[in-house]
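Note sheet for the following structure.
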Amino acid sequence: MRDLSRENGIRVNARRWSEVSAWCALVLVGGQLIKRWVVEGLGEGKSTELLGSIVRLSYVTNRGGAFGLLSGMGGVMLIVSVLVLGLLVFLAWRLPLGESGWLRAAYGWVLGGALSNVADRLLRGHVVDYVSLEYGKRQLWPAFNLGDAGITVGLIVMLLMHAAQPKERE
């Protein structure tokens, strides 16, 4: 008699993976399309208002990591990014069957954001950021992109989901 549990497990896992992949693709493709539009249409160092004077569309090159940290260490950032991507893919593939769609979406957002920024490092040698939060002449937050937002929101959702899980008694 054929053991269908392995096949069913693979099918269920593939269905979960397709959900993670869809969210990943949305962030990756959306982020890259916006970056292309910013690079071709705005020009490096240029900026324009999006929502009043606070939210601006700006073309900023980021040669470092988050918040521009480790600037000039592009090779190290690329290696770290690829290692983190590998870990995220492994964790996303191993999601327990009962986990929520929110957690699968969060993994997809983080993967899509990381892939988008790795693609920039490979294709351009730097990450293109384009959302700038300013008040007057003061920068409220470092420039970021859709991928960065996906990573941040995805990690927050993951942390909240983990914190909301009931703790086992010893």
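If you filter region 80-168 for chymotrypsin sites (Phe, Trp or Tyr not before Pro), then keep DSSP loop positions with at most 16 other Cβ within 10 Å, what is left?
Numbers: sites: 90, 93, 102, 107, 109, 130, 135, 144; in loops: none.
Of the chymotrypsin sites (Phe, Trp or Tyr not before Pro), not one in the loops of region 80-168 has a Cβ with at most 16 other Cβ atoms within 10 Å.
So between residue 36 and residue 87, what do we pick up on full extension, going 0.36 nm a residue minus the alpha carbon distance? Additional length available on full extension: 15.6 nm. A simple spin-label model places pseudo-atoms 7 Å from Cα toward Cβ; at residue 44 and residue 152 they are separated by 2.5 nm. Approximating the spin labels as points 7 Å out from Cα along Cα→Cβ, the residue 94-to-residue 61 distance works out to 3.9 nm.
No value in this document is a laboratory result; all are computed from the given coordinates. Fair warning: this is a prediction, and the values are worked out from it, not measured in the lab. Heads up, the Cβs are rebuilt from the backbone with ideal geometry, glycines too, and the neighbour counts pull from every protein chain shown.
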